[in-house]
Structure formats: C-alpha cells, structure tokens
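The values are calculated or read from the model by the stated rules, or taken from the named source; none is laboratory data. Quantities reported herein were computed from a predicted structural model and do not represent experimental measurements. Here the Cβ positions follow ideal geometry from the backbone for every residue, glycine too, while neighbour counts run over all protein chains shown.
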Amino acid sequence: MSKNNSFLDRRALFASGAAAALLAAAGVSAGGLPQRGGKLRLAASGAARSDSWTSGDGLFMQLATQGVVFDTLVELCANGTLRGELATGWTVRHGGREWALDLRKNVVFHDGSPFGARDVVASLSRSLPLADVRADGPDRVILTLDMPDPSLPFTLAGPAHVIRAAHAMEDGIGTGLYRVQRFVPGQHLLAERVPADYRDGQAGWFDRVELVSIPSESVRAQALAEYLVDAADMQSGAALKASGDVAILPAMAASRSLGMGQTVSATRPFDNLRAAERWWFV
C-alpha cells in the first residue's frame, strides 16, 4: 500500500468547509493573488514564562513552533487534505505498523546546516518514544510502531512532531519560513522571512511575523479593535461584532486587511496554526 498522494481526513474536510462558508460571509478576502510584504502581528493566549523551544504546549508555543520556526513532515492543508512538507511521500507496510518516509532534499536549517534523516530520527524519537525510528540512508526514515496506526500521517502533521536540528535540539533553529530574531519566553516572538526557501512563490508572504502573549480575551479583542494586532484567538467575538474592520472566524478574529485562501482549516485557530505561511495583506 503506497501513500504518495494527499491523505484525506473527512472530519478536517468538513470542518474546513464550514470555515470556508463563514469566511465568505465574514467578508475576509478569499482567493486572489497573494501579496508579499508587511509584518503579521498575532496575539495569542496560552503562553507561560517556563516556555522554551522544547517545552510548552499552549497556543502561543504551538504557533511559534509549527506556524513560524519549524516544519513538520506532513502538512494539514486548509481544505482538510494532507500533503508532504519535509516528507515527499510515504509507504506503509505490515498493516500500518511500518512506515517508510522519503525526505525532501536540499533543505537547510536556519543556521545553514543541511536537513536529513538524522534530524528526523532525533526529533521523532523524542515525540514518539514508543516507536522505533531509524535512518535508511540520508533521505529516508523507517518508523515502526507497536500497534498499527493507519492515521499516522495525520498525527505527524501536528505541532508536537515538528522537526528540529539534531545538533541543536534545544534551540529555535528550524527549517520554517521564518527565522528567530527575538524570543522572550511567555511574552514575545519576532521572526523574519528567510531569504530563500523551498516554498518560495507558494507560501510565506510576510517579511516578518510578531507573536505577542495576551492572556485576557477582552484585552486581545481591544488590541485587535485598536489595530495593534492583525489577528487573535477568540472564543467569543461578541465584543468585536460592531467593528466593521474585523471578521469573526472559528476560534479567532482577524483584520479584514488580511487575505486568505478559499478555505481556512478550523482544526486549530489561525488556519491550523499556519497563518504566517498562508495569509497575506491585501
């Protein structure tokens, strides 16, 4: 059984379909050609002073890791399908117990070091401690599970399974579209677009991304209403309904100056944590 094409998760697809309808109703720009430039400012909850690049699972660090600095092997697209990110394809054997993942070539980390199988082995050995992960050459990894898991690619798309540099596992050095300029745990992240990336022309439209921690939802709403941030996670958009410049979306609110794709994944806020990759200013 080979799985080199997109892997479809129906629950995610239905969720993103509902988000697409809401996106159109909210009046956020959908479709069109993305524009390069500007700084995306995101306000998020869930930060802690104890956060680090290897600890902290609140929304703030989820956005900082998967959405900005690091990549995963597999990407959950806005339309609910899966496609390879650092992996270009995968093959499953033994009823879902053994997975072979082919890795993308010519990818480098932010410090200039090359990405390869040893980085995947080091990363997944931490995030999947019950699995046996081994390199099968420089650009291929074999992952063996105790129990069959036909949904493993969907699991690998989550923020817990970002790929880190084997030589700098504790640091904010990834292969993501944005490189860390300043990081204050539990408070602030500023990152700049890397000068060249394998997704050039397909993703990463902002010059810089700024992530700020605002624990209070009412304060996040005020910051958005006063144009201090461009988007914020929001359980209730009641405080912003009177603002004609803000669109209320699933689990978040965003400025209408932002352009987005035709569908927005509602699996997690901020377009499945990938707002910095997928959105742009119109």
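General observations
- Evaluating Asp146 against the criteria (1) touching a Phe, Trp or Tyr at 6+ places or on another chain (Cβ under 6 Å); (2) part of a loop (DSSP other than H, G, I, E, B) leaves one unmet condition, (1).
- Scanning the stretch 105-132 for residues that are crowded, with 19+ Cβ neighbours inside 10 Å, in contact with a Leu (Cβ under 9 Å, 6 or more places away or on another chain) and in contact (Cβ under 8 Å) with a residue 60 or more places away in the chain yields one hit, Phe115.
- If you go through the stretch 155-205 and keep only what is without any contact (Cβ under 8 Å) to a residue 60 or more places away in the chain and not in a loop (DSSP other than H, G, I, E, B), you end up with Thr155, Ala166, His167, Ala168, Gln181, Arg182, Val184, His188, Leu190, Glu192, Arg193.
Yes or no, residue by residue, for (1) without any contact (Cβ under 8 Å) to a residue 24 or more places away in the chain; (2) within 28 Å of Val194 (Cα to Cα); (3) surrounded by 22 or more Cβ atoms within 10 Å (Cβ to Cβ); (4) out of contact with any helix residue (DSSP H, G or I) (no Cβ under 7 Å at 6 or more places or on another chain):
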position: Phe70; (1), (2), (3), (4): no, yes, yes, yes
position: Leu73; (1), (2), (3), (4): no, yes, yes, no
position: Leu76; (1), (2), (3), (4): no, yes, yes, no
position: Asn79; (1), (2), (3), (4): no, yes, no, no
position: Arg83; (1), (2), (3), (4): no, yes, no, yes
position: Gly95; (1), (2), (3), (4): no, no, no, yes
position: Glu98; (1), (2), (3), (4): no, no, no, yes
position: Asp102; (1), (2), (3), (4): no, yes, no, yes
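- If you go through the stretch 57-68 and keep only what is in a loop (DSSP other than H, G, I, E, B) and touching a residue at least 60 places away in the same chain (Cβ under 8 Å), you end up with just Asp57.
- Filtered residues of the stretch 208-223 (kept if farther than 18 Å from Leu273 by Cα and in a loop (DSSP other than H, G, I, E, B)): Ser216
- Test: Gly172 is modelled with pLDDT of 95 or more, of a type outside the set (Lys, Arg) and out of contact with any strand residue (DSSP E or B) (no Cβ under 6 Å at 6 or more places or on another chain): no
- Within the stretch 69-106, the set of residues being outside any strand (DSSP E or B) and either within 18 Å of the chain's Cα centre (by Cα) or under 28 Å from Leu189 (Cα atoms) (or both) comprises Val69, Phe70, Thr72, Leu73, Cys77, Ala78, Asn79, Gly80, Glu85, Leu86, Arg104, Asn106.
- Number of the condition not met by His110 [criteria: (1) at pLDDT below 95; (2) of a type outside the set (Ser, Thr, Tyr); (3) within 23 Å of Leu177 (Cα to Cα)]: (1)
- Those residues of the stretch 117-139 which are of a type in the set (D, E, K, R) and over 20 Å from Thr88 (Cα atoms), in sequence order: Arg126, Asp132
- Filter result for Thr175 (β-branched (Val, Ile, Thr) and under 30 Å from His94 (Cα atoms)): no
- Scanning the stretch 162-178 for residues that are under 21 Å from Asn106 (Cα atoms) and surrounded by fewer than 21 Cβ atoms within 10 Å (Cβ to Cβ) turns up Ala166, His167, Ala168, Met169.
- In the stretch 221-255, the residues that are surrounded by 20 or more Cβ atoms within 10 Å (Cβ to Cβ) and of a type in the set (D, E, K, R): Asp230, Asp233
Residues are listed down the side, and each one gets a yes or a no for (1) at pLDDT 95 or above; (2) over 16 Å from Val69 (Cβ atoms); (3) among the charged types (D, E, K, R):
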{"residue": "Leu103", "(1), (2), (3)": "yes, yes, no"}
{"residue": "Ala135", "(1), (2), (3)": "yes, yes, no"}
{"residue": "Asp149", "(1), (2), (3)": "no, yes, yes"}
{"residue": "Leu177", "(1), (2), (3)": "yes, no, no"}
{"residue": "Gln181", "(1), (2), (3)": "yes, no, no"}
{"residue": "Val184", "(1), (2), (3)": "yes, no, no"}
{"residue": "Leu189", "(1), (2), (3)": "yes, no, no"}
{"residue": "Arg193", "(1), (2), (3)": "yes, no, yes"}
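- Test: Ala191 is over 26 Å from Met260 (Cβ atoms), surrounded by 17 or more Cβ atoms within 10 Å (Cβ to Cβ), among the small types (Gly, Ala, Ser) and touching a Phe, Trp or Tyr at 6+ places or on another chain (Cβ under 7 Å): no
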